[in-house]
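Comments concern the structure below.
All of the numbers you see were taken from the coordinates with simple rules; none came from a lab. The model shown is predicted, which means the values in this text are computed figures rather than measured ones. Note: ideal-geometry Cβ built from the backbone for every residue, glycine included; neighbour counts use all protein chains shown.
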Amino acid sequence: MEKIFKNMSLFSASIVLIILIGIFVTLFISSKQAMEEFGLSFVANPAWQTEVALNPKEAKNVVVDEYSLFPDEEPTKTIYGGLVPIVGTILSTLIALAFALPIAMGIAVFLAEIAPKNISHVVGIAIELLAAIPSIIFGMWGLFYFAPIIQKIVGGYQVSLLTAGLVLGIMILPFMAAITRDSMKTTPDILKESAYALGATKFEVIKDVIFPYSKVGIIGSIILALGRALGETMAVAFLIGSVFELPKAINSPTISIPVALANNFGEATGLGASSLFYLAFLLFLISFIVISIAKFYFLKKVKK
Amino acid sequence: MRLLINKLVLLLAILSACAGLAFLAWILITLFLKGITSFHLGLFVDDLISNGLRNLIIGQFIMAGLASLIGIPIGVLAGVYLQEYGYNSKFTRFIRDLNDIMVSAPSIVIGAFVYAIIVIPTGGASGFAGSIALTIMMIPIVINTTDNMLSLVPTELREAGIAIGASKYRVIMDIIIKAAKVGIMTGLLLSFARIIGETAPLLFTSGTSNYFTLDLTQTFPSLTVSIYDLANDPVQASRDLAWAASFILTVLVLMINLIGRYITRHKG
């Protein structure tokens, strides 16, 4: 019994590793067809599911069916490129960060330094509840209530890079605020007290003592929130517009990698499906790197 | 001047907190108003095909329940390994690090993974595929909470157990797990709340169904995927149904969260 239990628990612990390797290998194999066809230029190609004429060398190899209904038609192939969803993902994430950063810092300062303990506790719970709301709810609320207001202010389309980025920003607020608050709290009281004793104002203590002391943790929280925003699907699916077009302006619609996957996987086959797997592989790789940097370089010191 | 800047910054911080609370309030009030107007008890009796939510609610619970059934034992066992057997070995730290990454992995990628290994080989979306996607989401969260809760159990308890001659297995089962029980249960509750609101990993793994079904080998109904479909439907009745469904889902998730917090505060 002793041995069985130990081995079972060891096996369970290894499952994390197995799943992780499984995801990498599976996504790699599934995207191989697209990788071989398009190579790395996939990430720079703005065309998605676009018919193009074959080049003369390839055209020679096509056997023309003499009974074909359209014998004169030029032979074509469908190509896929990932530039649009990649740009959409990066831009919507940057908008989210720009919007959330100041507010999250303010909330963290409020929770850690300003509010009395009981108020800080209640507000802290409320902010964490904001994190618990399912992302599909953010999407629906964003589409029907938030986007029309944004459109009234800036014009353009209701579903756009901007509205998606802003709602994404609201979603990552709680993560950023909570981790920033925790790292600010690691500042030793004695440092703060000495600064106060020298006559510093609260703002000066925050700016010159707490921020420098907890800088690493705060940067970590920002990068971790960035990792979350990169992979967020449902809220963005409602709001970004889901069109494979590079955004002409901040208030025009486009698409992100998760949304491209969410809306197209069901019907895709062959090279199209493989291209989606290619996007999924890239997304996983990027978020893996981003989260690793945040967790192991910046957040080592901050306890969860 | 210094004092003025100080006041200004503190005011901005308070305003930020108000903004955060305002967004929460805005979302909850909207949900409540829209949800209440479209809410009626028939929602729990009829299936989606006749404008009810019964099959969706049951389907979501079955998939999340099955995911918990597989995910909880694996996650708890893994947590026990990391804390009780693994000590601070390289392997343990490595698994812990990977687990931290998996907790934040994009859920849509997990959907794509399950799509590749289950949906494509079996020829179609199914309740099983959906459950497995949720299981993969759940395991890292359960490991994380179990690991943290067990680390709070004082070492003296373990030593006391070993000292009276109990086997390691007995010490873990009878002493450590018992000591950390409340914390672990809360963690399990919160991880259940996390996966029951998930949509992205279900979109192309379980699909959705308008009819009542218990057959996990077929496309399977779920509240979240149907909310996505209904909300994008131009028909007003469908949107009302989506709001009612969102209301039920959010109330459920927030209730579980508040209960979890209440337990940790009063017993943990």
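State whether segment B:42-162 is rounded, prolate or oblate according to the following rule on the C-alpha gyration tensor (a ≥ b ≥ c being the square roots of its eigenvalues): a/c under 1.5 gives rounded; otherwise a/b larger than b/c gives prolate, and the remaining case gives oblate. Cα axes put segment B:42-162 in the prolate bin. Each listed q (0.10 Å⁻¹) maps to a log10 I(q)/I(0) for chain A, found by the Debye formula over equal Cα scatterers with no solvent: -0.71. Out of all Cα-Cα pairs in segment B:203-268, roughly what percent, to the nearest whole number, are more than 15 Å apart? Beyond 15 Å sits 63 percent of the P(r) for segment B:203-268. Apply the Kirkwood formula to chain B: the hydrodynamic radius equals the inverse of the mean of 1/r over all pairs of different alpha-carbon atoms; give it in Å with one decimal. When all Cα pairs of chain B are included, the Kirkwood radius is 21.0 Å.
By the combined test of axial Cα extent (at least 24 Å) and Kyte-Doolittle hydropathy (mean at least -1.0), the qualifying DSSP H helices of chain A come to A:2-30, A:83-109, A:161-185, A:211-231, A:270-292. 3J(HN,Hα) couplings calculated from phi for segment B:29-36 with the Karplus curve 6.51 cos²θ - 1.76 cosθ + 1.60 (θ = phi - 60°) are, in sequence order, 5, 4, 4, 5, 5, 5, x, 5 Hz; Gly and Pro show x. Remark: mean inter-chain Cβ contacts per residue of A:202-215 equal 2, using a 10 Å Cβ-Cβ cutoff to other protein chain atoms.
Cβ crowding within 10 Å, taken as a proxy for footprinting-reagent exposure, orders A:E193, B:E84, B:E198 from fewest neighbours to most as A:E193, B:E84, B:E198.
Tilt of helix B:236-267 relative to the longest C-alpha principal axis of chain B, in degrees (0 to 90, nearest 10)? Roughly 20 degrees, rounded to the nearest 10. Shape analysis of the protein assembly as shown yields a ratio of the Cα radius of gyration to the Kirkwood radius, Rg/Rh, of 1.00. Protection proxy ranking for A:259-266, A:109-116, using the average of other Cβ atoms within 10 Å per residue and placing the highest first: A:259-266, A:109-116.
Longer than 30 Å from Cα to Cα, which of A:K185/B:K7; A:K185/A:K295; B:K34/B:K181; A:K300/B:K181; A:K117/B:K168; A:K117/B:K34 are they? Say none if no pair is. Distance filter (> 30 Å) returns B:K34/B:K181; A:K117/B:K168; A:K117/B:K34. Taking 17 Å as the straight-line reach from the Cα of A:K215, the aspartates and glutamates in range (excluding those fewer than 8 positions away in the same chain) are A:E113, A:D182, A:D189, A:E204. Here the residues A:S30, B:S38, ranked from fewest to most Cβ neighbours within 10 Å of their Cβ, fall in the order B:S38, A:S30. Exposure proxy shown here: for B:V142, B:V103, B:V235, the number of other Cβ atoms within 10 Å sets the order, fewest to most, as B:V235, B:V103, B:V142. Computed from backbone phi with θ = phi - 60° and the Karplus coefficients 6.51, -1.76 and 1.60, the 3J(HN,Hα) list for segment B:116-125 is 6, 8, 10, 5, 5, x, 8, x, x, 5 Hz; x is used for glycine and proline. Specify whether the C-alpha gyration tensor of segment B:144-253 places it in the rounded, prolate or oblate class, a ≥ b ≥ c being the square roots of the eigenvalues: rounded for a/c under 1.5, otherwise prolate if a/b is larger than b/c and oblate if not. Prolate, since a/c reaches 1.5 and a/b exceeds b/c.
A crude spin-label estimate for the pair A:A44 and B:Y169, with each label 7 Å from Cα along the Cβ direction, gives 6.1 nm. In order along segment B:200-206, phi translates into HN-Hα couplings of 3, x, 8, 3, 10, 9, 9 Hz, rounded to whole numbers, per the Karplus curve 6.51 cos²θ - 1.76 cosθ + 1.60 with θ = phi - 60° and x for Gly and Pro. Using only Cα atoms, locate the centre of segment B:1-40 and the centre of segment A:139-169, then give the distance between them in Å, rounded to an integer. Value for the Cα centre distance between the two parts: 18 Å.
Other protein chain C-beta atoms within 10 Å of residue C-beta, averaged over B:253-266: 2. Taking every alpha-carbon pair under 8 Å whose residues sit at least 6 apart, chain A reaches a relative contact order of 26 percent. Does segment A:215-280 come out rounded, prolate or oblate, given a ≥ b ≥ c as the square roots of the eigenvalues of its C-alpha gyration tensor, rounded meaning a/c under 1.5 and, failing that, prolate meaning a/b above b/c? Note, shape of segment A:215-280 comes out oblate.
Taking A:A34, A:A280, A:A200 in turn, the Gaussian network model of chain A (Cα-Cα springs below 10 Å) assigns the largest fluctuation to A:A200.
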